[in-house]
Amino acid sequence: MPDSRSYHRTKMQKELIIEKLKAKGCRITKQRCTLLDVILEHECSSCKEIYYKASGVDETIGAATVYRMVNILEEIGAISRKNMYKVVYSETCP
């Protein structure tokens, strides 16, 4: 059974990231939400791994979409490639 604190933290992280994306002018699409869920719920070590997990959920997601989303998340400071695509954005981040 999943830890409710972990679920709550992940949900809050997702909401904070979505707000940051909106502030940057990004549309919040179903595909972007799916990619966020995959990144938040799994420890992915590459864009290719994110792509395989995400395409299992939504087969319309392409590799280019994954790369673009990862770049945007890196630009807003939500993830770090040095941190194996783990979300680094939290309530204490600017």
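Laboratory data are not the source of any read-out in this text; all were calculated from the coordinates shown. Since the structure is predicted, the reported quantities are computational estimates derived from the model, not experimental observations. Neighbour counts are summed over all protein chains in view; Cβ atoms, including those assigned to glycine, are modelled from backbone coordinates with ideal geometry.
Annotation: amide H of Ser80 within the under-5 Å range of Tyr85, Lys86, Val88, sequence separation 5 or more or interchain, hydrogens built in the peptide plane.
3J(HN,Hα) couplings calculated from phi for the range 49-57 with the Karplus curve 6.51 cos²θ - 1.76 cosθ + 1.60 (θ = phi - 60°) are, in sequence order, 5, 4, 4, 4, 5, 5, 5, x, 8 Hz; Gly and Pro show x.
Highest-first packing order for the peptide set 73-81, 59-67 is 73-81, 59-67, based on the mean count of other beta carbon atoms within 10 Å. Summing Cβ point charges (Lys, Arg +1; Asp, Glu -1) relative to the Cα centre of the range 4-87 gives a dipole of roughly 240 debye. Over the range 4-87, what relative contact order in percent results from Cα pairs under 8 Å that are six or more residues apart? So the answer I get is 28 percent.
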